[in-house]
Amino acid sequence: SFGKDKDLSFLIQTSSNTQDNTNNYYQSRYNMMDQLVNYSEQQQTNDRTIRKNQFAIDYTSPVGKLSKLELGVNIDLTNERNDVEYFERSDAASDFMRRENLTNDFEYKQNVYAWYGMWSGKVKRLGYKVGLRGELSDISWIQHNTGASDDLASYGNLFPSLFLSYNATENDELQISGIRRISRPRGYRLNPNPNMSDSTTITYGNPDLHPEEAFSGEFNYLHTTTKGHVYTISAYYKFTDDVVEQYSWTEMAGDKAILKS
């Protein structure tokens, strides 16, 4: 802190998270006579590591008597790796056999460099907050077991925001806001290799997914009674571009149905 109500803050943060999971699936199929047709057992291991580093600088200063300026820079560096191995056997006495086509060693890197500015204050009965955030995203992935990789082209985004409030009377307030946001797909949604939770359920990612970009607007009317009760009327609108949705279909393998998505 320096001067009157002036603040400069720094943040340096690092984290590393490692998880080792093993899942076993047992499946038995019987005919109408309750006789065992076949038995299968699957084992899936996943060594997962997530490393994150964050650097941020924020500055806050009053401007005049009734307004405030906020500026900041934020850097987020993320590296996530999932090393999945898949094994299968047809009876409990046999050894597990490794399924190479379901081995899945996927690494995802996402670096986001952002800056923002926010001006807020009040003019008589009108309160306001106007902001702008800029981001530069650098994303890449590599499939270590197949050698496939992609260094996605860096892209920039601007995210404006506006918040207005107006005190019509001591008991009545109007609020209006508009904001734009981005939601990036996580690494598992981009992973093109199959991920099998059991022998009848297989999921795939899509490395060509784009981030979702959404605009939302909101209107609120608040009335406060003399007894302190607050009544609110609200209207909300949201529009999302490049929506990420999951698509599922069924394929037959002999007499067994396999759900894929």
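The values are calculated or read from the model by the stated rules, or taken from the named source; none is laboratory data. Treat the numbers as computed from the prediction; the structure is a model and nothing was measured. Positions of Cβ are generated from backbone atoms using ideal geometry, with glycine treated the same way; all protein chains shown enter the neighbour counts. Only protein heavy atoms, including side chains, enter the accessible area calculation; ligands, DNA and RNA are left aside. Shrake-Rupley method; radii C 1.70, N 1.55, O 1.52, S 1.80 Å.
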- Mind checking the full-extension length gain between residue 177 and residue 189? Use 0.36 nm per residue of separation minus the Cα-Cα distance, one decimal, nm. 1.2 nm
- If the viscosity is 1.002 mPa s and the temperature 20 °C, what translational diffusion coefficient in µm²/s does Stokes-Einstein give for the chain when Rh comes from Kirkwood over Cα pairs? 92
- Excluding ligands, DNA and RNA, what is the solvent-accessible area per residue of the chain at a probe of 1.4 Å, expressed in Å²? 64
- Message: Just to make sure I understand: if all protein chains stay in place, what is the order of 142, 233 by accessible area at 1.4 Å, largest first?
- Response: 233, 142
- Message: Under the 0.36 nm per residue contour assumption, what length would be gained going from the current alpha-carbon distance of residue 54 and residue 21 to full extension?
- Response: 9.2 nm
- Query: Ordered by residue, what ³J(HN,Hα) values in Hz, to whole numbers, does the range 34-49 give under the Karplus form 6.51 cos²θ - 1.76 cosθ + 1.60, where θ = phi - 60° and Gly and Pro are x?
  - Reply: 6, 9, 5, 8, 7, 9, 9, 9, 10, 10, 10, 10, 9, 9, 10, 10
- What FRET efficiency, computed as 1/(1 + (r/R0)^6) with R0 = 41 Å and r the Cβ-Cβ distance, is obtained for residue 39 and residue 242, rounded to the nearest 0.05? 0.40
- Message: If you count only protein heavy atoms and use a 1.4 Å probe, how large is the accessible surface of residue 14, to the nearest 10 Å²?
- Response: 110
- Query: Using a 1.4 Å probe on the protein chains only, how many percent of the accessible area of the chain belongs to carbon and sulfur?
  - Reply: 53
- Rounded to the nearest 20 debye, dipole of the range 119-187 from Cβ charges on Lys, Arg, Asp, Glu: 260
- Message: If I stretch the segment between residue 61 and residue 212 completely, what's the gain in nm (0.36 nm per residue apart, minus their alpha carbon distance), one decimal?
- Response: 51.0 nm
- Can you give the accessible area of residue 122 in Å² (nearest 10), computed on protein heavy atoms with a 1.4 Å probe? 100
- Task: Before rounding to the nearest 500, sum -39500 (n - 2.57) across all DSSP H runs of length at least 4 in the chain and divide by the residue total; then give [θ] at 222 nm in deg cm²/dmol.
- Result: 0 deg cm²/dmol
- Judged on accessible area alone, 1.4 Å probe, highest first, 59, 26, 108 line up as 26, 59, 108
- Across 225, 18, 200, the residue with the highest GNM fluctuation in the chain (Cα network, 10 Å cutoff) is 225
- Query: Which whole-Hz couplings ³J(HN,Hα) result when phi for each residue of the range 18-32 is put into the Karplus expression 6.51 cos²θ - 1.76 cosθ + 1.60, θ = phi - 60°, listed in order with x for Gly and Pro?
  - Reply: 10, 10, 10, 10, 10, 10, 10, 10, 10, 9, 10, 10, 10, 8, 5
